[in-house]
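The structure under discussion appears below in the form of structure tokens.
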Amino acid sequence: MERTFLAVKPDGVQRGLVGEIIRRFEAKGFTLVGLKMLRVSRELAEEHYGVHRERPFFAGLVEFITSGPVVAMVWQGEGVVASARKLIGATNPLQAEPGTIRGDLGISIGRNLIHGSDAPETAQQEISLWFQPAELASWDPCLGPWLVE
Ligand code: UDP
Ligand code: MG
């Protein structure tokens, strides 16, 4: 079953939006299989955002993501990677559609609340970067047949 990696960034934690963000993925029908709060090391931040290493915002991004606790999660469900990106919305919250997390809750690209993997391959890399296998729970929600025919 497809899985994606999501992280509520330090701004989402500080603003008390962890519950609101989790609620949206639960309500959609996806299954939470991993969850932890942690203070991100510089090493983990630089690895996670390695693809952006040469970009002008890289240093500030690493600084920000290590500035306070984040809530790291793994969610499961058919099509969860692309769907989570839709629920999250465009990178710049001012351009993100209303109804999305960033569109409803944010105004700044450097404070856009949440990270979501951008493709199934990236999701697998990010899940193994952030979580040990034993930290993930495989379970079947009893609502399964009411969510998927
Ligand atoms: N970012 C930024 N300034 C930019 C572009 C990106 O601060 O001009 C930050 C922003 O927090 C974004 C993260 O870098 O979420 C990673 O950028 P990416 O393009 O991968 O956006 P995402 O996949 O998070 O939508
Ligand atoms: Mg990205």
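Any read-out appearing in this document is the output of simple, stated calculations on the displayed coordinates, not a laboratory observation. Treat the numbers as computed from the prediction; the structure is a model and nothing was measured. Neighbour counts run over all protein chains shown; Cβ positions are idealised from the backbone, glycine included.
Here are a few things to note about the model shown:
- Kirkwood Rh and Cα Rg combined as Rg/Rh, the chain: 0.95
- Annotation note: trypsin sites (Lys or Arg not before Pro) in segment 44-149 located in DSSP loop regions with a Cβ neighbour count of at most 11 within 10 Å are ARG53.
- Residues in segment 95-105 carry Karplus couplings, in order, of 9, 6, 5, x, x, 8, 4, 5, x, 8, 10 Hz; the curve used is 6.51 cos²θ - 1.76 cosθ + 1.60 with θ = phi - 60°, and Gly or Pro positions show x.
- Taking other C-beta atoms within 10 angstrom as a stand-in for reagent exposure, VAL80, VAL33 fall in the order VAL33, VAL80, fewest first.
- Listed by Cβ neighbour count within 10 Å, with the fewest neighbours leading, VAL148, VAL74 appear as VAL148, VAL74.
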